[in-house]
Amino acid sequence: MDANSRRKMVTDEAARYWALLGTRPPDEVLEQEREQFTRWLRESPLHVAEMLHIARVHYALARFRGWSDVAVDPTEEASVVAMHPCSTEIPVRASGGRTDAMPVRGGPKTKWLAIAASLVAVLVGAVSLAPQISGQVIETERGERREVVLSDGSILDVDPQTRLRVKFEEHARRLYLEHGRALFHVAKNVERPFLVKVNDTTVRAVGTAFGIERRDASVIVTVSEGKVAVLTDPTAHGTLSSTSASGSGTINRISERYQRREMVQPRGQGEADGAIFLTAGQQVTVQKSGTAEPVRAVNPNRVLAWSEGRLVFDAVPLGEVVNEFNRYNRQQFQIEDAELALRPVSGVFQANDPETLIAFIRAGAPVVVRHADGEKILIVPRPPVAE
Amino acid sequence: MANPADTRLAEWFRRWHSPLRQFLAGRGRAWPADLDDVAQEVFLRLLRYEKVELVEHPQAYLFKMASNVVAEWAIRSRQRLEHEPHWLNDLVADETPESEFESAAAQGEVRRAIDTLSGRQRAVVRLHFEEGLSYGEIAQRLGVSLRIVRRDFERSYSKLRREIHLERTGARHHGRE
C-alpha cells in the first residue's frame, strides 16, 4: 500500500472514531470502544495527526456560516467517487436515538455539556472520579492546576492551593469548597441538583458553568453560562448593602479594575427566599457575615481566564501580578524594589510559564533577574552604569 | 450571531483552549507540517501514560495534550522574538479567537469543499451544524437509519479533510484575504 493510500485509510479510521466517540454522551460509549481507540492512537503519530485533522474539519464546519446556501438534494451524488468500504468495522451499539424528552430551554446545552465532558475532560495527575456514595477530597498544591471529571460528567477546573470535597448522593450532588477556587461545568440533571457550599453560602446550579472563589472570608461567584442561585445564610441575609469590596483579596481587586459596574436590582433577578439569581456575565461577592454585595456585570472570559491557566491583568501593580504567578508555579518570584513593585502591568499571561512574565518585565524596565536558592527568582532594578 | 450550533459548540471549543483552536485554524508559519510535528510530540506523550489511565477519556487526553504542546511551542517561539513589542498584542489577541476561519476566503474554501459532498451528506452536516440536531434526530428527520447517518458523517469528514485547503487561500495569515 503506498503512502497516500495508507494516509487515506488512516483518515477514514479517524473519521470513524470521531463519529463513534466524539458525538455521544460518555455513558453511551463502551469501554471496549475507548480501549480500541486508545490502542489505535498509540500505534502511530500518523493516527494522532489524522485525528487532529478531523478535529480541524469539525471546527471549520462549526465556524461556517453559509449553510443557508448549501444545496441539500438527498438524491444528488457526490462529485467524486465514494470512498473505499471500511475494512475494519468498529462494532457499533445500536442506540436507537434519544427517547427522553428534552426540555425546550437548556436541552441542547445538556447534550453539549455531556459531549464536552466526553471530549475534553482530562485528569492531570491522579484520577479523581467522585464515587457515588462516600465523600472524596480534591486538593491541589501550589503550582498545580487540575481538571477533574465527576461521575455525572461534570467538569471541574481546579486552581492551585484549592481543597474541595465531593459527595454525590442519590438526590443531590454536593460539593464543599474549603479554600481556593474552581470553575464548575455542570452536567444538567434536574433530578439531582448540583450544590456547592462555601462557608454558609450555597450555590445551586441548573446545568451551567460558573466559578467560585473562596478567598479569606468572602466568596465570589461568577457565572459563565446558564443560571445559578446563590443562597446565603438565611439568618444574616436581607441586606444587599453597598459595602465596598475592599479586603476581599487580590483577585477581586483585579476583577474590579476592568469590569463594568452595573448595579443590578435584586428583585428583578427573581430573588426569593434569600436566593440571588445570577445569569451569564454576572458576579456576586458574599461576605462571611452573609451579606451579599450588589450583583456586578462582568466579562466572564476575562474574569474566569484563570480556569484555563491564563491570567489577565489590567493596570495591576507588578507586586500583585507576581503574587498571582507565585500561586501557579513552583518557581517563586520576588521583587526586591518597592517602586518596581508598584509599576502597573497589563496583559494576558500563561500562568504556568514564568518566562513570559520575565520577558515582559524586561521589555518594560531595566532589571536584573537572579535565580537563587533553587526556585526563587529575584528581580531587582538594574543599577545605573558607572561612568 | 446566535447560530445555535455556534453557541453549543462555543462551550466545547472554549474548553480546548485558544492555542489549539488557533492552531487548528492554520495560523502557523508552516502548516500543515506543524500539525505533524505536534502529532509526533503528542504521540510520544501518549506512550508515556499507562494505558488504563488513557482509556478513561482518550479523546480528552488527546486534545488536551495537543493543546499543551501547541501552547508550549507558541510560548517558546515568542521568547525568541522577545525584543519585538508586538508579541504582547498577540497575547491579548488570544482572548478573541473567533477570527479564525472567519475570513471570506476561508468561508469560501469551506463552502467549496462542502459542495463536493453528496446531497445527503450535505443535508446531514447542515442539519447538524445549522440546526444542532443529533445523529438520532437527523436519522428521524431524513427517514434513514442511525447507522446510515453515522456513515454519512464519517465519509463527509474524511472527504472534507482532503478537500479543505485553507493554506492555499492565504486565509491563515491573520485573516488577511
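Here are some residues: B:142, B:91, B:146, B:81. Which one is within 8 Å of chain A (Cβ to nearest Cβ) and either closer than 20 Å to residue B:21 by Cα or at pLDDT below 80 (or both)?
After ruling out the rest, the residue left standing is B:91.
Identify the residue in segment B:149-177 that is part of a helix (DSSP H, G or I), under 15 Å from residue B:107 (Cα atoms) and more than 7 Å from chain A (Cβ to nearest Cβ) and, among all such residues, is modelled with the highest pLDDT.
It comes out as B:163.
Looking at segment B:43-61, I want the residues that are facing chain A (nearest Cβ under 7 Å) and have a partner that is acidic (Asp, Glu) and open to solvent by 20 Å² or more (accessible area, probe 1.4 Å) with Cβ atoms under 7 Å, at least 6 apart or on another chain. Which pairs are those?
So the pair list comes out as B:55/A:31; B:55/A:35.
Please state which one of A:14, A:55, A:78 is at pLDDT below 85 and either farther than 30 Å from residue B:48 by Cβ or at the interface with chain B (Cβ under 9 Å from one of its Cβ atoms) (or both).
Values: A:14 fails: at pLDDT below 85; A:55 fails: at pLDDT below 85.
Exactly one of A:14, A:55, A:78 is at pLDDT below 85 and either farther than 30 Å from residue B:48 by Cβ or at the interface with chain B (Cβ under 9 Å from one of its Cβ atoms) (or both), namely A:78.
Is there a residue being at pLDDT 80 or above, within 11 Å of chain B (Cβ to nearest Cβ) and open to solvent by less than 10 Å² (accessible area, probe 1.4 Å) anywhere in segment A:364-372?
Taking every residue of segment A:364-372 in turn, none turns out to be at pLDDT 80 or above, within 11 Å of chain B (Cβ to nearest Cβ) and open to solvent by less than 10 Å² (accessible area, probe 1.4 Å).
When you scan segment A:150-184, how many residues do you find that are in contact with a helix residue (DSSP H, G or I) (Cβ under 9 Å, 6 or more places away or on another chain) and surrounded by fewer than 17 Cβ atoms within 10 Å (Cβ to Cβ)?
Residues flagged as in contact with a helix residue (DSSP H, G or I) (Cβ under 9 Å, 6 or more places away or on another chain) and surrounded by fewer than 17 Cβ atoms within 10 Å (Cβ to Cβ) within segment A:150-184 amount to 1.
Are any residues in segment B:110-120 open to solvent by less than 20 Å² (accessible area, probe 1.4 Å) and either within 12 Å of residue A:61 (Cα to Cα) or touching a residue at least 40 places away in the same chain (Cβ under 8 Å) (or both), and if so, which ones?
Matches in segment B:110-120: B:110, B:113, B:114, B:116, B:117.
Please work out which one of (1) more than 17 Å from residue A:145 (Cβ to Cβ); (2) surrounded by fewer than 20 Cβ atoms within 10 Å (Cβ to Cβ); (3) of a type outside the set (Phe, Trp, Tyr) is the condition residue A:331 fails and give its number.
The failed condition is (1).
Condition first: open to solvent by 40 Å² or more (accessible area, probe 1.4 Å) and closer than 20 Å to residue A:159 by Cα. Now tell me which residues in segment A:334-354 satisfy that.
A:350, A:352
The values are calculated or read from the model by the stated rules, or taken from the named source; none is laboratory data. Computed from a predicted structure; not experimentally measured. Backbone-built Cβ (ideal geometry, glycine too); neighbour counts: all protein chains shown. With ligands, DNA and RNA removed, areas are computed over all heavy atoms of the protein, side chains included. Shrake-Rupley method; radii C 1.70, N 1.55, O 1.52, S 1.80 Å.
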